[in-house]
Structures are given as C-alpha cells and as structure tokens.
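In what follows, a structure is listed as structure tokens, so that the remarks can point back to it.
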C-alpha cells in the first residue's frame, strides 16, 4: 500500500512558536495522520473506495486532511468514548471506515434502476463518508473552549488552529447544539467542487443535508449507516461489543436510556422513604445517582442493549448529553442534596430529572412531604460517585506532548475493529467526479441477490409481505426470519416481470434463489445444507416447509416479530 499522503507538503509547516506547559502545538495534517493506527485506518478507507490514487486524493484524503487541521488533538467527548487528546480525529476516521464497510451491503439510491445505481455509486460512497466524518465535528464549535497562548479565544470559523492552544469543556454547554453545529464547519472541510458534485443528485443531496442539520429522521439510508458506524466505533472504543452494536435496533441511545428510566421508576424503584431510590418533589424527581445508574445499566444490558458505558461517570455524561437529567449550576450531571423528613435526614448525590419526562400526562405518585435541599457548596460523598473525570487539559509540569503513535490511549481495540471490518478486494477504478462510474459494482448475479434483499426490506416496511400468516412466505423462527422456498423467490419474480424478457423460457425464480444463496447471508444446517425444514403444527393438521434462515434478521427489518408458535425447526 502506497502512503503518499504522509509526505511533508509545502505550505503546512509546524508552528515554530514554542508551546508553554499545558498547551498543545498545532500540527500539520500529515503529522497527525502519520500515527500508525491512523495509517491503518486510512489504508482500509482507501481499500473500501477502490479508487485510484488521484481519485482518492481528491474525494477522500483532502477532506480528511482539512478535518484533521481543525480537530487537531481535541477529544471526542469529555469522559465517554475517545475521551483523550486526538480522540476526535480517531473517531472521525473510524466512522468513515465503518460506514464505507456497511455501505457495501447497499445499492443506492434504493429502488433506482441498476444503471443509475452504478452511475451514482461513487457519489453515494463519498456522501456517506463525509456524513460520517462530520458527524461529531460540531462539538469543537460549541462544547469546547479553545484558546491560544496569548489568551485569544479560537473558534473554528476563524480557520484551522495555527498557534499553541489549550482547551477545556464548557461547564454550561448545551448538549443539544453540537448536532446542528456541523453547519458551521462543513463548507470549510468540503470544497465547493465536492458540494457541486453531490448537489447534482437530488435524493443524495436531501439525505446529506438532513444528516448535516442533525435531522436523522429524514436522512434515510445515509443517516442509518452513519448512526450504525457511530455505534460500532463507540462500542469498540469503550470495550463493548461492536457486533451487537451493529445488530441493535436503530433506536438512539437516548431512546434506550429514557425507556429504561421509565421502566425502573414506574415498576421497580421505591420513592419517598428511607432506603428509597429517589424522592419526588413538586418540581423535580431526585434519583440516588449510584443506585439509579447501576440499576439502569443492569436493566439495559439484560435487554441486550449494547454500548452502555461501564463507568458511572461516563453514564452520567451520556444522560446529561441527551438532556435526560438536569445540569447543576457548575455544569455537572450529579447534584449533592440533603433529604429531610421530619426528624430524619441524610445527604446523597442525585441525578435530577423533570417529572414530566417520566410520567408525561399520566398520574404521578404522591409528592414527598419533606424537603430535598441542594448543597453544592461542599464535595459529594465519595461513596456515591467513586470516580472523577480526567482533566485532559492540565498535564503535569514536566509532561511532554504525547507521541502521536502512543497517545494516552491503548489502540489494541483497533485490531478487533479491523478484523470486524475485514479486508475488501482492491479493484482499480477509473471513475471521476465529472463522469462517475464504478468497476467495483457487484456482478449481475450478486447485484440481483442484493436487490432481492432490498425488496424484502421494502416489502416488510410497506407491509406488502405478510409474516407468520398461514399463507405467508416469510416466518420468524429461532429469533430470525425463515424464507419459504420456492414461494418467496417466485413472489419476487412475479413482481419483476422484466427479468424474464431476455429468455421467457427460463425459470427466473431459480436464478434469484441461486443469486441470493451466493450472498452468504443465511445460516447453514448442522449438516452443512443451505435449506432448513420446518414443521408446521396447526389446529387441525401438521405439514412442513422448506426455506432459508437469515443469519441476521435485521438485514430486512428493525422490528423482529416474536417467533411463530406453530413452526418448529426440524433437526
């Protein structure tokens, strides 16, 4: 693999001003990207694009360089994922690699003619990569305070950092802003030529602009891929299971956290008494911080929700960043308060929530007759928090700037990430911005198999395909989907009569079945066969079905129905 992007370039010298203690020296993009773990990520990104050196330089490397000069050694979060100097750059590169890997399973735009999908392939790949790269970049504009040695405040709309700098997280930051703040930066990272190119594809442009405006609900497949990639990168970095993160339903972490809190508060937590998990006052719900987070984590893990931080500090940060808990005057998630109930009183550390978040318009429990008084003037009991977030901005007086190959982060997790991403086949591609085409398009057989999967997904979403009905060709067995053969393939062929025009005498459904099988998205039987048998036991008779079992049910549906009680896999 050539690494031409690591050659020093004219016009990008390192700043000669010596950095004072506690300040970071601004580095060129080449220096930042020369770290060994970043080289590996760039190589993988190039392999996924299958572009020539010149094309990769124009479409990917130049935006990545621009991104690197802005994010420098800023972290991706204060105490959750990639919370170390340079974490923002690492997270951005991981997102690009993961999203391009996931993109390989899609022909875009969905539902378009194959020739249109081939013509737009490079544009969609680039848009997905740009959306991934810019996913969290708004944080450097609204979450962090960055200043130069002379005391001047730096904002990203001033241009890249060019003097020694230091940073800290703003204690009163609005956690809802960083998603939309990407709009302050993407025209500085993506050139006018790239934006001109992408804007010529209306559906792509609509999805990309929605993503960059933080409207993921309107960002379609592009938004889904970026969110999936974000879950994988985050899960891998914090030591969770990235495979489960990929398979998790496409609900946000905010959704799972809020759902878990509502369940625990309504069904399991005792309130308003000594030994309780919380107290409900007229204006607030006070939850004992350690009890609430420990129980919330256990509940979500039991529900197979992955990517939940194992550290309470990190989980506090997640709850705060999603606006689920109130922020203290000092900008923290955890409150210290004293509960007084008659002659009994005790001091706790709390998470403070708005009651409407839990009950909405539903009846609420009785209000606590005592008082809960915040006491933020003294430190919280160590037994409740047991952790304190690292101060990334204040190195020891004799600390030198970290070696970019060995920051303060152990990058062993990248080996697992690379294994999961797998190495793609590198194919020389002669596409260009003005005349986009791709020689990495799947063979017609594999392409038709992929179109069959897309048809299943769309037919499920629109409810055109019945599931678990007596005459259905799609059932749920053993936690996944069972595709009845030949019925499901005959249904696809019937809805696509154009496939038989070339040769009306051939049985199209058999070709579709073979092409589906070549995708290797199904499970094999214990004896190595492709086709499973299923016993169907109805009220009056027993019969059997043959079909395929999908290895990942979420390939065609986010919501998985419960198993059909009338079907049993045959050994």
- If you take just the helices (runs of 4 or more DSSP H) that sit entirely in the stretch 237-354, which of them hold at least 2 residues that are at pLDDT 85 or above and not assigned by TED's automatic domain parsing to the domain that holds residue 76? 253-267, 289-302, 312-321
- Task: Run down 92, 87 and say which single residue is surrounded by 21 or more Cβ atoms within 10 Å (Cβ to Cβ), touching a residue at least 24 places away in the same chain (Cβ under 8 Å), within 17 Å of residue 233 (Cβ to Cβ) and out of contact with any helix residue (DSSP H, G or I) (no Cβ under 7 Å at 6 or more places or on another chain).
- Result: 87
- Message: All but one of (1) within 17 Å of residue 72 (Cβ to Cβ); (2) crowded, with 21+ Cβ neighbours inside 10 Å hold for residue 34; state the number of the condition that does not hold.
- Response: (2)
- Tally the residues that are more than 14 Å from residue 133 (Cα to Cα), outside any loop (DSSP other than H, G, I, E, B) and in contact (Cβ under 8 Å) with a residue 60 or more places away in the chain, restricting the search to the stretch 180-204. 6
- Query: Picking from 108, 95, 100, which residue would you name as being within 16 Å of residue 226 (Cβ to Cβ) and in a loop (DSSP other than H, G, I, E, B)?
  - Reply: 108
- Checklist (1) part of a helix (DSSP H, G or I); (2) at pLDDT 70 or above; (3) surrounded by fewer than 22 Cβ atoms within 10 Å (Cβ to Cβ) applied to residue 232, failing item: (3)
- Item | Which listed residue, of 303, 320, is surrounded by 19 or more Cβ atoms within 10 Å (Cβ to Cβ), under 21 Å from the mean Cα position of the chain (by Cα) and touching a residue at least 24 places away in the same chain (Cβ under 8 Å) | 320
- When residue 491 is run through (1) within 13 Å of residue 456 (Cβ to Cβ); (2) assigned to a loop (DSSP other than H, G, I, E, B), the failure sits at (2)
- Out of all the residues in the stretch 129-179, which are part of a helix (DSSP H, G or I) and surrounded by 15 or more Cβ atoms within 10 Å (Cβ to Cβ)? 129, 130, 131, 132, 133, 139, 140, 141, 142, 156
- Query: Has the stretch 126-135 got at least one residue that is assigned by TED's automatic domain parsing to the domain that holds residue 74 and more than 21 Å from the chain's Cα centre (by Cα)?
  - Reply: no
- Message: Out of the residues in the stretch 461-480 meeting the condition of being in contact (Cβ under 8 Å) with a residue 24 or more places away in the chain and closer than 20 Å to residue 538 by Cβ, tell me which one is surrounded by the most Cβ atoms within 10 Å (Cβ to Cβ).
- Response: 475
- Query: Restricting the stretch 514-550 to residues that are surrounded by fewer than 13 Cβ atoms within 10 Å (Cβ to Cβ) and either under 22 Å from residue 450 (Cα atoms) or not assigned by TED's automatic domain parsing to the domain that holds residue 448 (or both), which is nearest to the chain's Cα centre (by Cα)?
  - Reply: 520
- Of the conditions (1) in contact (Cβ under 8 Å) with a residue 60 or more places away in the chain; (2) surrounded by 12 or more Cβ atoms within 10 Å (Cβ to Cβ); (3) more than 36 Å from the chain's Cα centre (by Cα), residue 509 fails just one. Which one is it? (1)
- Query: Is the stretch 48-56 home to any residue that is surrounded by 16 or more Cβ atoms within 10 Å (Cβ to Cβ) and at pLDDT 90 or above?
  - Reply: yes
- Taking the stretch 325-346 only, how many residues are within 18 Å of residue 271 (Cβ to Cβ) and in contact (Cβ under 8 Å) with a residue 24 or more places away in the chain? 11
- Message: So if I check each of 103, 66, which one is touching a residue at least 40 places away in the same chain (Cβ under 8 Å) and under 17 Å from the mean Cα position of the chain (by Cα)?
- Response: 103
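The values are calculated or read from the model by the stated rules, or taken from the named source; none is laboratory data. What you see is a predicted model; the values in this text were computed from it and never measured. So basically every Cβ, Gly included, is an ideal-geometry build from the backbone, and we count neighbours across all protein chains shown.
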